[in-house]
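The values are calculated or read from the model by the stated rules, or taken from the named source; none is laboratory data. Here the structure is a predicted model, which is why all the values come from computation and not from measurement. Ideal geometry is used to build each Cβ from the backbone, glycine not excepted, and the neighbour counts take in all protein chains shown.
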Amino acid sequence: MALLEIKQLHKRFGGLHAVTDVSFPVEAGQIKAVIGPNGAGKTTLFNMISGTFPATSGSVFFQGKELQGKKPYQVAALGMARTYQNIKMFSGMTALENVMVGCHVQSSAGFMASMFRMPWTWKEELAIRDRSMELLTLLEIEEHADTDASSLAFGQQRAVELARALAMDPTLLLLDEPAAGLNIYETAEVGRLITKIRDLGITVLLVEHDMSLVMDISDEIVVLCFGEKIAEGLPAAIQKDPEVIKIYLGED
Amino acid sequence: MKKLLLILPLLACVIAIQVVCSSTDTLYYLTQMTMSAYYSLLIIGLCVLMGYAGQISLGHAGFFAIGGYISAGLTTHSLIPFKDNALVQFLDSSGLLLAGQTLYGEELLVVSPGLACAVAIIAAAVIAVFIGIPVLKLKGHYLAMATLGFGIIIYRVVLAVEYFGEADGISEVPAFPLFAGLSVSGSFGDRVSNYYIAWGILLLGLILLLNLIDSRVGRGLRGIHGSEEAADAMGVHTARFKLQTFVLSAVFAAVAGVFLTHYNGGIGPSEAGVMKSVRYVAIVAVGGMANLWGALLMGVVLNFLSLRGVFGSYDDAVFGLILIVIMLFAPNGILSISFRHRLMQLFGKGKQKRDGEA
Amino acid sequence: MFDVGRSSFIFLTKMTSELFVQYLLAGITYGSIYAIVAIGFNIIYNTTGIINFAQGEFVMFGGMIAITLLQFMPLPLAIILAVILTMIIGAGIEICFIRWLKAPSVLRLVIITIGISILSREVAVHVWGESIRSLPYFVGNEITSISILGARISPQVLWVVAASGLMFICLGIFFKTTSVGREMRACASNRKAATLCGINTENMVTLSFVLSAGMGALAGCMMSPITYSQYDMGTGLAIKGFTVAILGGLGSSGGAVAAGLLLGVIEAFSVSVVPLAFQDAIAIAILLIILFIRPQGLFGSKEASALKEF
Ligand SMILES: Nc1ncnc2c1ncn2[C@@H]1O[C@H](COP(=O)(O)OP(=O)(O)OP(=O)(O)O)[C@@H](O)[C@H]1O
Ligand SMILES: [Mg+2]
């Protein structure tokens, strides 16, 4: 079975069918992209996978486990991390602290242990700090470690968000438009980074509007339109798919 | 750890105040400083709930009253009529009851302050759990109204129940002996020692909360405040964290209630009033919501002034005004950076982007 | 106060039909007032998304101002002037404290309106003192009564019910037929779109405060002869009005009326089973229960409330 298996997922908002009967697998070790015009239901799909809200019907299997009914924190504990289309920084916390929150599932100090600073939490705390610093260094924003995250530049916030997700040591990483709002150099950088992440053994499911980036780095592509899956396949095949061309040409 | 070192100057201030008061024969100030310390204990607990976990509570005077009233009730109401009850006998034989005499020489048997204190705090914690589970699912206005409703119910209960003395409250609450001859009481001789007891408890509470905030749990909480959705997706069990914080702050309030009641020798229904809850919220807001030091400072200063009667009959009005002015002009507290920016803005130093709060 | 059924045995043993009607009418009277307060909440909520914690203070101001004015002028004039003055206060509050805030958080607004409520109360206590006052009965006095279905009630009850009903109808007509009313509704359903259509949404918000202050003030005058007026009556009324607004589905006026009457009647009948001291607790208990199990209200739909930003 694939790492992530999406089966007939369906989401209705009142009368609006945001996602209709979408099914596809995500194999371990690949970069899979979901593309589609605005309002196609990509973010909605992510929200259902990560448990932000329940699907109207259908199911999601992650590592063979059914995710239906699981809360986001439970899904996170299973090894799934995500970023957001419109960045959700923890404002009022430094970049480093933001990433340290990402280490939450990997650590265990509870209320009492934290309040009384139990000796065993010291080591854990140090480990969290080191790992977070490492990730900031990986994303080349270590000099901003002690800056309030919400006052960072847009691209840097994206990097912090990514570091935060990586801190969870995920098996699967969901990226919602990681290159949105970035210039071409930064976008290319993000592309290299995502490939690097995949090479570290993390499976990536990606939503992105930047076609050249998607065609460059993805192993497989799913195309959504008005909530329905209209195509799935290798980048080369998708590029030639008449229906996909119609949507994208018809739109622009 | 670095942050904890700030405790030392504070401790120095506390000692300095005592020394000055003792040497200038103004010990009466210590009485109000002691009471302020207990109120501030409640306030720093509420600060963690509001500023860090992002949950408003307009019912914290209720938890204070639960602590104070239960402890007062248990240590003043005689158990003589229930002498034959198995539980009473068991408690008596375990040394958890105190025998004594009333002013009129009647025999008296009451619960010892230690046990009463424990019962009061546990009761507050249990009630906080039961209230918190449903209430903390609510947000915004709903949460505010629900906690306000809880506060009013507690107020009604203490006003209506005979055991709690109805409109008169409970008086003649005995001293609470701690250890090594220290005891929480309002007698003149114990003034200095009680000042240190109160401040010792407050500083201990402060250290615990500072530890909490700068830890895995604290980061999770602040994450909830920053973006609940993202914190949830990072694996933070937001519902449980909120509940635990709620209970923690309720326990702080109850501890404050117990100690202040023994210190004052009584408690009245006004301690459970809505205005008290609002006042605590106001003080946390002035201190800057997510700023324990600010909350502590404002808690001590404003309560001290209020207890000294500086505001006269405008006491409540002052806190109402503070609430509005702070929320209008400095929603992050008067110690915050953005407030300083806005002050600069006033003097025409360019436009600062208003930072949105959650 | 309604002097009905202090003794609990009557209810438990034999509930005579007169007594039943008496309870019912008492319930309807209080219920109409709660409904008016709730509609006041709704008007402001609809245009701004704010729950105005100072709603009860409008009611208090209405009653208190009318009582003061009565010394200088006849009753009808005093009431009209009191309503107008309270409307001005409402406008002043919105202009001073709400209008110029840009995208304030819910928490901030909650705290601001709580602050306004406290300040209003403090102003009232310093102007009028802590004493309990009341307007005279509009017709007759305390002991005048008329008989309905065998129950003897004060004519003031009819005044309250009639005035509430009239207010509800006028409000409906205002929102449905006048252009200002329609603009307010547009603002309520989509503020951004309304702004784009050239509606001055800021003025609409002020207007909503004015309307809701006026309604509160009128309710305050109507109820004053039977429930009295006091500087601190606001909080209790606000909680009850909010309970009713939630019960009826936040934002729905029809729901508020139904829920208001329901709460009024429940309270009236509970007099016979619950000690008087816990009267207020009933509304709060209902509020808490509703918030926990059906925050969208008895009559609201779940989908609709899920879309609201809470
Ligand atoms: N919480 C919600 N409530 C109601 N409707 C929603 C909600 N979230 C999304 N929608 C609607 O569902 C549809 C799909 O939205 P979604 O955000 O998933 O699109 P998307 O593919 O991510 O678009 P974009 O490329 O603009 O990010 C849209 O029509 C949107 O308006
Ligand atoms: Mg999207």
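Hey, among C:ALA162, C:ALA194, which residue is more than 14 Å from chain B (Cβ to nearest Cβ), surrounded by fewer than 19 Cβ atoms within 10 Å (Cβ to Cβ) and part of a helix (DSSP H, G or I)? Step by step, each of C:ALA162, C:ALA194 is checked, and only C:ALA162 is more than 14 Å from chain B (Cβ to nearest Cβ), surrounded by fewer than 19 Cβ atoms within 10 Å (Cβ to Cβ) and part of a helix (DSSP H, G or I). Scanning the range B:178-194 for residues that are of a type in the set (Ser, Thr, Tyr) and over 29 Å from A:MET112 (Cβ atoms) yields B:SER185, B:SER187, B:SER193. The condition of being touching a residue at least 40 places away in the same chain (Cβ under 8 Å), assigned by TED's automatic domain parsing to the domain that holds A:ASP219 and within 13 Å of ligand 2 (Cβ to nearest atom) does not hold for A:THR56. Exactly one residue out of C:GLY216, C:GLY220, C:GLY236 is surrounded by fewer than 21 Cβ atoms within 10 Å (Cβ to Cβ), assigned to a helix (DSSP H, G or I), of a type outside the set (Val, Ile, Thr) and touching a residue at least 40 places away in the same chain (Cβ under 8 Å): that is C:GLY236. Could you list, in sequence order, all residues of the range C:173-212 that are farther than 30 Å from C:GLY62 by Cα, aliphatic (A, V, I, L, M) and in contact with a Ser or Thr (Cβ under 8 Å, 6 or more places away or on another chain)? Scanning the range C:173-212 gives a single hit, C:ALA194. You will find that of C:LEU207, C:LEU237, the residue that is under 24 Å from B:TYR142 (Cβ atoms) and of a type in the set (A, V, I, L, M) is C:LEU237 and no other. Among the residues making up the range B:142-196, those that are surrounded by 15 or more Cβ atoms within 10 Å (Cβ to Cβ) and charged (D, E, K, R) are B:ARG156, B:ASP190, B:ARG191.
Of the residues B:MET327, B:MET298, B:MET275, the single one that is within 16 Å of the chain's Cα centre (by Cα) and facing chain C (nearest Cβ under 9 Å) is B:MET275. Within the range B:1-28, how many residues are assigned to a helix (DSSP H, G or I), of a type outside the set (A, V, I, L, M, F, W, C) and surrounded by fewer than 17 Cβ atoms within 10 Å (Cβ to Cβ)? Within the range B:1-28, residues that are assigned to a helix (DSSP H, G or I), of a type outside the set (A, V, I, L, M, F, W, C) and surrounded by fewer than 17 Cβ atoms within 10 Å (Cβ to Cβ) number 5.
Looking across the range A:23-53 at every residue that is of a type in the set (Ser, Thr, Tyr) and more than 10 Å from ligand 2 (Cβ to nearest atom), the one that is farthest from A:ALA76 (Cα to Cα) is identified as A:SER23. Screening the range C:86-107 for residues that are at the interface with chain B (Cβ under 7 Å from one of its Cβ atoms) and assigned to a helix (DSSP H, G or I) and picking the one that is modelled with the highest pLDDT gives C:PHE97. Scan the range A:169-194 for residues that are within 16 Å of ligand 1 (Cβ to nearest atom) and in contact (Cβ under 8 Å) with a residue 60 or more places away in the chain and jot them down. A:LEU174, A:LEU175, A:ASP176, A:GLU177, A:PRO178, A:ALA180 - these are the residues of the range A:169-194 that are within 16 Å of ligand 1 (Cβ to nearest atom) and in contact (Cβ under 8 Å) with a residue 60 or more places away in the chain. Say whether the condition of being over 19 Å from the mean Cα position of the chain (by Cα) and modelled with pLDDT of 90 or more is met by at least one residue in the range B:305-313. Scanning the range B:305-313, I find no residue that is over 19 Å from the mean Cα position of the chain (by Cα) and modelled with pLDDT of 90 or more, so the answer is no.
Put simply, of A:VAL222, A:VAL204, A:VAL190 the only residue that is crowded, with 21+ Cβ neighbours inside 10 Å, within 16 Å of ligand 2 (Cβ to nearest atom) and more than 14 Å from chain B (Cβ to nearest Cβ) is A:VAL222. Residues in the range A:157-182 that are out of contact with any Phe, Trp or Tyr (no Cβ under 8 Å at 6 or more places or on another chain), within 16 Å of ligand 2 (Cβ to nearest atom) and part of a loop (DSSP other than H, G, I, E, B) were compared, and the one that is farthest from the other protein chains (Cβ to nearest Cβ) is A:ALA179. Inclusion of A:GLU125 among residues that are closer than 17 Å to B:GLY223 by Cβ, outside the structural domain of A:GLY41 (by TED's automatic domain parsing) and within 16 Å of ligand 2 (Cβ to nearest atom) is not warranted. Condition first: away from every other protein chain (no Cβ under 12 Å) and either under 28 Å from C:ASN52 (Cβ atoms) or part of a loop (DSSP other than H, G, I, E, B) (or both). Now tell me which residues in the range B:133-183 satisfy that. Within the range B:133-183, B:GLY165, B:GLY169, B:GLU172, B:VAL173, B:PRO174, B:ALA175, B:LEU178, B:PHE179, B:ALA180, B:GLY181, B:LEU182 meet the criteria. Restricting attention to the range C:278-295, the residues that are of a type in the set (Val, Ile, Thr) and either free of Cβ contacts under 8 Å to residues at least 24 places away in the same chain or at the interface with chain B (Cβ under 7 Å from one of its Cβ atoms) (or both) add up to 4.
Here is a yes/no grid of residues against (1) surrounded by fewer than 18 Cβ atoms within 10 Å (Cβ to Cβ); (2) not aromatic (Phe, Trp, Tyr):
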site	(1), (2)
C:GLU122	no, yes
C:GLY129	yes, yes
C:PRO136	yes, yes
C:ASN141	yes, yes
C:PHE175	no, no
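The listed residues are B:LEU202, B:LEU209, and the only one of them that is more than 9 Å from chain A (Cβ to nearest Cβ) and either assigned to a helix (DSSP H, G or I) or not aliphatic (A, V, I, L, M) (or both) turns out to be B:LEU202. Only one entry of A:PHE111, A:PHE116, A:PHE154 meets the criterion of being away from ligand 2 (no atom under 16 Å from the Cβ) and either modelled with pLDDT of 95 or more or closer than 18 Å to B:ALA231 by Cβ (or both), and that entry is A:PHE111. Scanning the range B:153-172 for residues that are among the charged types (D, E, K, R) and out of contact with any Gly (no Cβ under 8 Å at 6 or more places or on another chain) yields B:ARG156, B:GLU162, B:GLU166. Residue pairs whose Cβ atoms lie under 8 Å apart, separated by 6 or more positions or on different chains, with the first residue in the range B:181-208 and more than 14 Å from B:ASN264 (Cβ to Cβ) and the second surrounded by fewer than 15 Cβ atoms within 10 Å (Cβ to Cβ) and aromatic (Phe, Trp, Tyr), are B:LEU208/A:PHE116.
Here's the yes/no breakdown for (1) over 21 Å from B:ALA118 (Cα atoms); (2) touching a residue at least 60 places away in the same chain (Cβ under 8 Å):
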position: B:GLY265; (1), (2): no, yes
position: B:PRO269; (1), (2): yes, yes
position: B:GLY273; (1), (2): yes, yes
position: B:LYS276; (1), (2): yes, yes
position: B:TYR280; (1), (2): yes, yes
position: B:ILE283; (1), (2): yes, yes
position: B:VAL286; (1), (2): yes, no
position: B:ALA290; (1), (2): yes, yes
position: B:ALA295; (1), (2): yes, yes
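For the range C:170-181, filtering for residues that are assigned to a helix (DSSP H, G or I) and more than 18 Å from C:VAL83 (Cα to Cα) leaves 8.
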